[in-house]
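Below is one structure, written out as structure tokens; comments come after it.
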Amino acid sequence: EPHLNVLREAMGVMQHHDAITGTEKQHVANDYARMLNRAVGACGANTQAVLNQIVDPKFKRSAPRSRSGLPVEHPAPYPQYKFAFESCHLLNVSKCELTESKDSFTVTLYNPLAHAGHEYVRVPVNGERYIVRDYRNVEVSSQVVPIPASVLNIPYRFSNATSELVFLANELPPLGFKSYFVTRAIDSLDDFIHEAPSVAPTPSEQPLDDQVTHWQ
Amino acid sequence: SQEVTIGNKYLNVSFDSNGFLSSITIDGVTNRLRQTFVYYEGALGNNEEFRNRSSGAYIFRPNGTEKSVTENVQVRVVKGATVQEVHQVFSEWISQVVRIYADESHIEFEWMVGPIPVEDGVGKEIVSRFYTAAQSGGVFWTDANGREMIRRVRNHRDTWNLDLMEKISGNYYPVTARIALEDDNLRLAVLNDRAQGGSSLADGSLELMVHRRLLHDDAFGVEEALNEKAFGKGLVARGKHWVVFGAKKPVSPTPEARERFLQNRVLLPNWMFFSDVTEFKYDDWQ
């Protein structure tokens, strides 16, 4: 609750038209960004707790609190949680420390809509080839795409990633989640192991959007 | 130097020899679809009277008509089974990726603008503009906070005889999620990922303002020019437009319905979470 309140308070301030349109003074705009960043970070603890509970109902832990009972500023991932379920807030400039530095990671997508969805996942990486598998051990075809030079040159991007891994996350359940296990194919042995041709996403008769519309 | 085409089983888009998007082919039918970036120079007023205010945070007031950014775009093509894309460089401070995913029936434009150069002492307001052959008759549609679409008519107001002093900004409207135009045969819709100003200043064309950098306060109280910086340089903005283009057919799902589903998906996107599983084997994880 205290974490959600930090976000509620920030959103309360952001009702002002200046916050919505960015017509406030620059230092006020910077402060709004600071407030929102802190609030969204604090709520990372809530999403972590909820997702861990969904993944493994045995986990019944309240959101972390500091000794003073105030919300922890930027809660670090808790070793006792099975999975950290971290967020990357700079994907819009192709930056994500975890996917850039780890040879194995999971991508979990939570679908907030009330109908099944899909999404082409794009995450910054440093490898040339990756094996993406869903929970049924079905390999999902993926592609490594170069990040445009103009993005690499953004002055304050501070990232080593030069490519993005792209794959289709299909059949995301309504108000549910789906995880993918991503492994960097480091040497030819991996290529040999995974010689099996990658399973292209189920070719749909209609564009995915129409499928959803059709389902509607 | 030659034409380039990317696409999937639903649509293909072509880029002319100067690197500009030039046409779209759906079901074997090719239509004109051109996209480029232009910019308006911000007007500099003395702010003493209403009609002489500078372009600023509260005002969009261009000084004259648009200026083009370049006549020649460098392109780099990336093709694969999951996504095909063209990386475009318009200038040192404007670039874009046009991409088509294997299973989607829309085009994604990921634009990036900034730092906007102001060494010439002139503020600039950058616009992404789409051109088609649709005979839209001065009519276009903009959304109201992502819900209904409001009918707009160029140089017109429904409730009074308009004598337009500002021919450009007087035709600009708030676009929160979508702007569209159509004629009996074609419909073009552009979905945006954040609220932007938009208009249709010529039949068949739509434009959305993606970034602005102004050097004079507009005397509406902030006493500060809209000149956002990061690390001492002008701010770099990056965002997306999604384009749904097609024949105007009375079939289900209608083009408008497809746009709404896409709007839901892109504006209420899946939340992504990452976990380091280096110490796990797949089977343990499964």
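The values are calculated or read from the model by the stated rules, or taken from the named source; none is laboratory data. The model shown is predicted, which means the values in this text are computed figures rather than measured ones. Backbone-built Cβ (ideal geometry, glycine too); neighbour counts: all protein chains shown.
Suppose the filter is without any contact (Cβ under 8 Å) to a residue 60 or more places away in the chain and out of contact with any helix residue (DSSP H, G or I) (no Cβ under 6 Å at 6 or more places or on another chain); does A:Glu128 pass it?
Yes, satisfied.
Of the residues in the stretch A:1-31, how many are surrounded by fewer than 18 Cβ atoms within 10 Å (Cβ to Cβ) and farther than 19 Å from B:Arg213 by Cβ?
15
Could you list, in sequence order, all residues of the stretch B:57-86 that are within 14 Å of another protein chain (Cβ to nearest Cβ), of a type outside the set (Gly, Ala, Ser), assigned to a loop (DSSP other than H, G, I, E, B) and more than 14 Å from B:Arg212 (Cα to Cα)?
Scanning the stretch B:57-86 gives B:Val69, B:Thr70, B:Val73, B:Thr82.
Kindly indicate whether any position in the stretch B:174-182 is surrounded by 22 or more Cβ atoms within 10 Å (Cβ to Cβ), in contact with a strand residue (DSSP E or B) (Cβ under 6 Å, 6 or more places away or on another chain) and not aliphatic (A, V, I, L, M).
Yes, the stretch B:174-182 contains at least one residue that is surrounded by 22 or more Cβ atoms within 10 Å (Cβ to Cβ), in contact with a strand residue (DSSP E or B) (Cβ under 6 Å, 6 or more places away or on another chain) and not aliphatic (A, V, I, L, M).
From A:Asp134, A:Asp210, grab the single residue that is within 28 Å of B:His106 (Cβ to Cβ), surrounded by 16 or more Cβ atoms within 10 Å (Cβ to Cβ) and modelled with pLDDT of 95 or more.
It is A:Asp134.
State the number of residues belonging to the stretch B:233-253 that are at the interface with chain A (Cβ under 9 Å from one of its Cβ atoms) and without any contact (Cβ under 8 Å) to a residue 60 or more places away in the chain.
2
Quick check on this structure: which one of B:Ser17, B:Ser54, B:Ser23 is outside any loop (DSSP other than H, G, I, E, B) and polar (S, T, N, Q)?
Of B:Ser17, B:Ser54, B:Ser23, the one residue that is outside any loop (DSSP other than H, G, I, E, B) and polar (S, T, N, Q) is B:Ser23.
Restricting the search to the stretch B:145-168, which residues are surrounded by 12 or more Cβ atoms within 10 Å (Cβ to Cβ) and part of a loop (DSSP other than H, G, I, E, B)?
B:Gly146, B:Arg154, B:Asn155, B:His156, B:Leu162, B:Leu164, B:Glu166, B:Lys167, B:Ile168
Residues of the stretch B:96-113 being within 10 Å of chain A (Cβ to nearest Cβ) and either part of a loop (DSSP other than H, G, I, E, B) or out of contact with any His (no Cβ under 7 Å at 6 or more places or on another chain) (or both), which ones?
Scanning the stretch B:96-113 gives B:Gln96, B:Arg99, B:Tyr101, B:Ala102, B:Asp103, B:Glu104, B:Ser105, B:His106, B:Glu108, B:Glu110, B:Met112.
Would you be able to say whether some residue in the stretch A:137-153 is over 19 Å from the mean Cα position of the chain (by Cα), in a helix (DSSP H, G or I) and more than 9 Å from chain B (Cβ to nearest Cβ)?
Yes, the stretch A:137-153 contains a residue that is over 19 Å from the mean Cα position of the chain (by Cα), in a helix (DSSP H, G or I) and more than 9 Å from chain B (Cβ to nearest Cβ).
Can you name the number of the only condition in (1) surrounded by 14 or more Cβ atoms within 10 Å (Cβ to Cβ); (2) under 20 Å from the mean Cα position of the chain (by Cα); (3) over 30 Å from B:Asp183 (Cβ atoms); (4) touching a residue at least 40 places away in the same chain (Cβ under 8 Å) that B:His87 fails?
(4)
Each row is one residue, and each column tells you yes or no for (1) within 14 Å of chain A (Cβ to nearest Cβ); (2) under 28 Å from A:Phe158 (Cβ atoms); (3) surrounded by fewer than 24 Cβ atoms within 10 Å (Cβ to Cβ).
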site: B:Leu188; (1), (2), (3): no, no, no
site: B:Leu191; (1), (2), (3): yes, no, no
site: B:Ala195; (1), (2), (3): yes, no, yes
site: B:Leu201; (1), (2), (3): no, no, yes
site: B:Leu206; (1), (2), (3): no, no, no
site: B:Arg213; (1), (2), (3): yes, yes, no
site: B:Asp217; (1), (2), (3): yes, no, yes
site: B:Val222; (1), (2), (3): yes, no, yes
site: B:Lys229; (1), (2), (3): yes, yes, yes
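Do we have B:Ala257 as surrounded by fewer than 19 Cβ atoms within 10 Å (Cβ to Cβ), facing another protein chain (nearest Cβ under 7 Å) and at pLDDT below 90 here?
So B:Ala257 does not fit the description; no.
Which members of the stretch B:40-56 meet the condition of being more than 23 Å from B:His211 (Cβ to Cβ) and either touching a Leu at 6+ places or on another chain (Cβ under 7 Å) or surrounded by 14 or more Cβ atoms within 10 Å (Cβ to Cβ) (or both)?
The answer is B:Asn47, and nothing else.
Which one is surrounded by the fewest Cβ atoms within 10 Å (Cβ to Cβ), of the residues in the stretch B:260-286 that are of a type in the set (Lys, Arg) and more than 7 Å from every other protein chain (Cβ to nearest Cβ)?
Here the answer is B:Lys281.
Can you name every residue in the stretch A:13-58 that is outside any helix (DSSP H, G or I), more than 10 Å from chain B (Cβ to nearest Cβ) and in contact with a Phe, Trp or Tyr (Cβ under 8 Å, 6 or more places away or on another chain)?
Passing the criteria: only A:Met14.
Would you mind finding the one in B:Ile150, B:Ile179, B:Ile126, B:Ile168 that is touching a Pro at 6+ places or on another chain (Cβ under 8 Å) and away from chain A (no Cβ under 14 Å)?
B:Ile168
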